[in-house]
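The values are calculated or read from the model by the stated rules, or taken from the named source; none is laboratory data. Please read all numbers here as calculations on a predicted model, not as lab measurements. Counting neighbours? That spans all protein chains shown, and the Cβs are built from the backbone with ideal geometry, glycine included. Remember, those area values only see protein heavy atoms, side chains included, never the ligands or the DNA or RNA. Shrake-Rupley method; radii C 1.70, N 1.55, O 1.52, S 1.80 Å.
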Amino acid sequence: MKKIIILLAFAGVLQACDDGDLIVTNFLFDENNKLAYCQNNSSTVAFSINTSPDESIFFKFNDANFTPTITDLAEQLTQSYPINSSNILTYRAFSQSINASYFCNSVPPGNNTITQEYEADNGGSVEFVTQAILTEDSDGDGIPDHEEGKSSNQDTDGDGIPDYLDMDDDNDNVSTSIEISLIGQPLNSSNLPDTDEDGIPNYLDEDDDNDGILTRNEDLNAESNDDVILNPIDDDSNNNGIPNYLDNADQGELILNLYKDNTILRRFKTVVTAKNFTFKNLKANESISIEELILGSFEESASVTTEINPD
Ligand SMILES: [Ca+2]
Ligand SMILES: [Ca+2]
Ligand SMILES: [Ca+2]
Ligand SMILES: [Ca+2]
């Protein structure tokens, strides 16, 4: 989808260049253009490269910590940078093809002749709008979003993380993916493991064996190392092969008001749009004011960790 609005056409009279170069009046970049970025310790350059014609649009801005992902569980994030002498948007056409090394190597490859150049360094902004890409099962725990009450933001354990983004829906320190794939356990009406047969599947039941001791407190060896390791699965006091949390014959208790961090892998799409800027072609004494130009988009995955604090 091309969205280019040229408000003020040319500041001067458009004249054909003597060298026969075509003057660019359209910038053929849109959301489908793949953006990439490079960083050094003072700045980031986000760029999109086209072939035929060989051209690029790039934004070099003084934020070395920019990342096109969201570090918490929000679904959308907008990062906006003013266009100014430190944050410059540039269009270049070349006499031959370029690749990422043109932007990412400290010494860019030579031999490339710039045939056209437009720069914006005064006014307007570049916006990076990042959106989390939801899937059928956004947290990858094996239970699809629609069964985890996404529409109502269902949060079974009340830890502030909705079930569809929660690796451990009942905060018993046993991951949902483990609790739904236990074998040899009674099943509830939805065919999910339900050890104590109370109708509540283990993955939503904080006392899986109904012995009155919360599963997370049946983790007797949690503090036996220097680091606390939260894992109720590896405790079996009577050595009968059934871990304590599923065995109501094992009733040891260690009160733990601690929860595992929630870590999920998310994928993000970031659409980059330059707004209300003026491209100047100094060589041709030409300037073009543009209301909105989509430069392209990134997709990037990141693992997102949320600490869960005791009540
Ligand atoms: Ca899920
Ligand atoms: Ca659990
Ligand atoms: Ca149950
Ligand atoms: Ca129990």
(message) With every atom except the alpha carbons ignored, what do you get for Rg and Dmax of the range 203-307, in angstroms?
(response) 27.7, 86
(request) Starting at the first residue of the range 268-276, write each ³J(HN,Hα) from the Karplus equation 6.51 cos²θ - 1.76 cosθ + 1.60 with θ = phi - 60°, in whole Hz, x for Gly and Pro. (result) 10, 10, 10, 9, 10, 10, 9, 10, 6
(message) With +1 on the Cβ of every Lys and Arg and -1 on the Cβ of every Asp and Glu, and nothing else charged, how large is the dipole of the chain about its Cα centre, in debye rounded to the nearest 20?
(response) 3800 debye
(request) Answer rounded, prolate or oblate for the range 139-265, using the Cα gyration tensor with square roots of eigenvalues a ≥ b ≥ c: rounded when a/c is under 1.5, else prolate when a/b is larger than b/c, else oblate. (result) oblate
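If you roll a 1.4 Å probe over the range 242-311 with all protein chains in place, what percent of the accessible area is carbon or sulfur? Working shown, then result.
Working: 1520 of 3340 Å².
The nonpolar share, carbon plus sulfur, comes to 45 percent.
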(request) Give the relative contact order (percent, whole number) for the chain; include only Cα pairs under 8 Å separated by 6+ residues. (result) 22 percent
(message) With every protein chain kept in place and ligands, DNA and RNA left out, what is the accessible area per residue of the chain? Probe 1.4 Å, answer in Å².
(response) 51 Å²
(message) Starting from the 7 Å offset along Cα-to-Cβ, what nm value, one decimal, do you get for the label separation of residue 191 and residue 54?
(response) 5.8 nm
(request) When a/c is below 1.5 the answer is rounded, else prolate if a/b is larger than b/c, else oblate, so apply that to the range 119-202 with a ≥ b ≥ c taken from the square roots of the Cα gyration tensor eigenvalues. (result) prolate
(request) Find how many whole Å separate the alpha carbon centroid of the range 36-112 from the alpha carbon centroid of the range 264-300. (result) 10 Å
(request) About the Cα centre of the range 139-265, how large is the charge dipole given +1 on each Lys and Arg Cβ and -1 on each Asp and Glu Cβ? Please answer in debye to the nearest 20. (result) 240 debye
(request) Would you please give the FRET efficiency between residue 137 and residue 107, computed as 1/(1 + (r/R0)^6) with r the Cβ-Cβ distance and R0 = 51 Å, to the nearest 0.05? (result) 0.65
(request) State the answer as a single residue: which of 248, 233, 289 lies farthest towards the positive end of the charge dipole of the range 222-298, with beta carbon charges of +1 for Lys and Arg and -1 for Asp and Glu, about the Cα centre. (result) 289
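Take each of the peptides 111-118, 186-193, average the number of other beta-carbon atoms within 10 Å over its residues, and list them starting from the highest.
111-118, 186-193
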